[in-house]
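These notes concern the structure reproduced below.
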Amino acid sequence: MKDLREWIAACEREGELKRVKAEVDWNLELSHIAKLNEERRGPALLFENVKDYTIPVLTSAFTTERRLAITLDLEPGTSMCEMARWWMKAVTEGGLIKPKEVPSGPVTEVILREDQI
């Protein structure tokens, strides 16, 4: 995965992410919804309208083997044992991408929409 946007798109394609557009309160409500969702092994949740916040909140990103496989860019049906083997091989054979420091990136962008200009 190149970035979080790519991961979100991959999870949406696989039915592993649900966008929550209704306003939710960050204090207790959001965490309670996330907890109930995880107990039911539901999809990752992207809360897009968190009260008093301007950025979305992602929960339950890695709570299932299926999403973990998507994160590692493996087939969604890959077992935990196979993922562990893949990880050990990547770590020991240098297959992981080394971090690269950059002065800026999408995470630092401030995007103004039409009604904010």
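Structural remarks
- Selection within the range 48-61 - among the β-branched types (Val, Ile, Thr), surrounded by 13 or more Cβ atoms within 10 Å (Cβ to Cβ) and within 18 Å of residue 107 (Cβ to Cβ): 50, 57
- Subset of the range 1-14 that is aliphatic (A, V, I, L, M) and either free of Cβ contacts under 8 Å to residues at least 60 places away in the same chain or part of a helix (DSSP H, G or I) (or both) - its residue that is nearest to residue 105 (Cα to Cα): 4
- Out of 113, 5, sole residue that is among the basic types (Lys, Arg) and surrounded by 10 or more Cβ atoms within 10 Å (Cβ to Cβ): 5
- Being in a helix (DSSP H, G or I), of a type in the set (D, E, K, R), under 16 Å from the mean Cα position of the chain (by Cα) and closer than 18 Å to residue 1 by Cβ is a condition met by at least one residue of the range 50-66.
- For the range 15-47, the set of residues classified as surrounded by 14 or more Cβ atoms within 10 Å (Cβ to Cβ) and part of a loop (DSSP other than H, G, I, E, B) consists of 16, 42, 43, listed by residue number.
- With respect to the conditions (1) surrounded by 14 or more Cβ atoms within 10 Å (Cβ to Cβ); (2) within 22 Å of residue 108 (Cα to Cα); (3) not polar (S, T, N, Q), residue 67 lacks only one, and its number is (2).
- All positions within the range 76-95 that are under 21 Å from the mean Cα position of the chain (by Cα), surrounded by 10 or more Cβ atoms within 10 Å (Cβ to Cβ) and not in a helix (DSSP H, G or I): 76, 78, 79
Each value in this text was obtained by applying a stated rule to the coordinates, not by laboratory testing. Computed from a predicted model, the values in this text were never measured in an experiment. For neighbour counting, all protein chains shown are included, and Cβ atoms are generated from backbone atoms with ideal geometry for every residue, glycine included.
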